[in-house]
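Worksheet for the structure shown next.
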Amino acid sequence: MKVHIITPFPEMVKSIINCSILAKSQQKGYVEYYTYNLFDFAENSTNNRIDDYPFGGGAGMILKPEPIFEIFGSIKKGLNENSKIIYPTPDGQLLNHNLSKELSHLDDLVIINGHYKGIDQRIRDHIITDEISIGDYVLTGGELAGMIILDSVVRLMPGVINSKESSDSDSFSHPLLDGPHYTRPARYKDIDVPEILLSGNHKEIEKWFNKKREEKTKLRRPDLWGEYKRLKKSKE
Ligand code: ADE
């Protein structure tokens, strides 16, 4: 997958794509990242800036159309037909596992990061295909939200995470939230790992783990719990 990221703050983005699984995914050839600094294209806009005051008044600056149209124009030729052009925004569709999974099958992803009060609506109307929110709160800019979207997508690409079971048992890949995990030592500061996990009885361990997942889901996410019970009933 080719990932194009348009931002006034490429350093913010690079600090994330150059670490951990996102960086390894590039080294292993699963993804290629391209970042574009909006400020490099400011001189071609009407006032040599990337932002300007909103028509009609109001607080906050708006990212201007020219630099973004120009960058997108140069990327566009190389994009596959099924590409998604994403704008992270609090008024977008809420991100969830299914959406990340859908995006993980694409050949090209473009992420356009907004700032200040937002971006000129013409960019949203003529370039963006998907507006995505990462939750009901507002961040200072689109970079962190864009990186959250990207991280959730890349980890689902086949081969990126070594063990398929690892991502398959995550919360939201499964109708229940994930359960507790322990590693060595079995006793630390007089706190023991649950005995069942040391028993070697895989069937009982699975039952125990599922019970823990059920307890957590029931307590924390009544919405998912109701869905899980409905699903279970329909299979009976
Ligand atoms: N930009 C600022 N806040 C955001 C949010 N909650 N989701 C996506 N993009 C954003």
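The values are calculated or read from the model by the stated rules, or taken from the named source; none is laboratory data. None of these values were measured; they are calculated from a predicted model. Ligands, DNA and RNA are stripped out before the accessible areas are found, and what is left, the full protein with its side chains, is counted by its heavy atoms. Shrake-Rupley method; radii C 1.70, N 1.55, O 1.52, S 1.80 Å.
From the Cα gyration tensor of segment 44-93, with a ≥ b ≥ c the square roots of its eigenvalues, which class applies: rounded if a/c is under 1.5, or else prolate if a/b is larger than b/c, or else oblate? Taking the square roots of the gyration eigenvalues as a ≥ b ≥ c, segment 44-93 is oblate.
Taking the square roots of 5 times each eigenvalue of the Cα gyration tensor of segment 112-236, largest first, gives ellipsoid semi-axes of 38, 19, 15 Å. Estimated at the nearest 10 Å², the accessible area of residue 174 is 60 Å² with a 1.4 Å probe. Globularity index of the chain is 1.26 (Cα radius of gyration / 2.2 N^0.38 Å, N = number of residues).
Taking every DSSP beta bridge that has both ends in the chain, the antiparallel portion is near 20%.
For the chain, the solvent-accessible area of protein heavy atoms averages 61 Å² per residue (probe radius 1.4 Å; ligands and nucleic acids excluded).
For segment 128-175, report the convex hull volume of the alpha-carbon atoms normalised per residue, in Å³, without decimals.
Output value, Cα hull per residue: 114 Å³.
For segment 154-222, the equivalent ellipsoid derived from the alpha-carbon gyration tensor has semi-axes of 24, 17, 12 Å in decreasing order.
Segment 34-48 and segment 1-17 have Cα centres separated by 15 Å. The accessible surface of the chain, taken with every protein chain in place and a 1.4 Å probe, is 52 percent carbon and sulfur.
When only Cα pairs below 8 angstrom with a gap of at least 6 residues are kept, the chain shows a relative contact order of 19 percent. Decide, for segment 101-153, between rounded, prolate and oblate: order the square roots of the alpha carbon gyration tensor eigenvalues as a ≥ b ≥ c, take rounded if a/c falls under 1.5, and otherwise choose prolate if a/b is larger than b/c, else oblate. Verdict is oblate for segment 101-153. Relative to the longest principal Cα axis of the chain, at what angle does helix 65-76 sit, 0 to 90 degrees, rounded to 10? It is inclined by approximately 60 degrees. The heavy atoms of residue 225 offer some 40 square angstrom of accessible surface to a 1.4 angstrom probe. The length gained on full extension between residue 44 and residue 30, counted as 0.36 nm times the residue separation minus their Cα-Cα distance, comes to 1.6 nm.
Excluding same-chain neighbours fewer than eight residues apart, the lysines reachable from residue 203 by a Cα-Cα span under 25 Å are 164, 211, 212, 216, 218, 229, 232, 233, 235.
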